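The values are calculated or read from the model by the stated rules, or taken from the named source; none is laboratory data. Bear in mind that the values here come from a model prediction, so they are computed numbers and not experimental data. Counting neighbours? That spans all protein chains shown, and the Cβs are built from the backbone with ideal geometry, glycine included. Calculation scope for accessible area: heavy atoms of the full protein, side chains included, ligands and nucleic acids excluded. Shrake-Rupley method; radii C 1.70, N 1.55, O 1.52, S 1.80 Å.
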Amino acid sequence: MDKVQKINEKIMIFEIIIGFAIGIYLGVYHDIPNFWFIVVQWVFLISFIMTFISTLGGYYANMRDSSVEFNIASIFGVFILNVAVIAVSTSFGFVFCSMWIGNFSTAN
């Protein structure tokens, strides 16, 4: 595991909290016309920002000590992981909030 992945593990709790908060917001304001476009846009934007933070940390560690691994493949892997984590936490926040405020029904 290289430095980018280690830094990403440390900030992943913030990704989960942000994704859950976005899901709660979208659960309350679900009448937006471009709902799914907004969801995908926010998930990719926050994933990109978190990946950029991890990449900067890994690059800084590589500049300090050249024995630290830093490669492009790990950046892509971290980005895909960030998208998955934020998308799943957003969906959980959306379903939780929708059930809580009563506009989501599991009945047929």
Lys3 vs. criteria in contact with a Gly (Cβ under 8 Å, 6 or more places away or on another chain) and open to solvent by 50 Å² or more (accessible area, probe 1.4 Å): yes
Selection count, segment 21-50, where residues are among the polar types (S, T, N, Q) and in a helix (DSSP H, G or I): 2
Restricting segment 36-74 to residues that are loosely packed, with under 12 Cβ neighbours inside 10 Å and over 18 Å from Val88 (Cβ atoms), the residue that is nearest to the chain's Cα centre (by Cα): Phe37
Per-region count, segment 67-95, residues more than 13 Å from Lys3 (Cα to Cα) and of a type in the set (A, V, I, L, M, F, W, C): 13
Test result for Ile18, in a loop (DSSP other than H, G, I, E, B) and open to solvent by 20 Å² or more (accessible area, probe 1.4 Å): no
Residue match in segment 69-78 (condition: small (Gly, Ala, Ser) and within 23 Å of Trp100 (Cα to Cα)): no
Residue tally, condition open to solvent by 20 Å² or more (accessible area, probe 1.4 Å) and either at pLDDT below 85 or of a type in the set (Ser, Thr, Tyr) (or both), over segment 21-34: 8
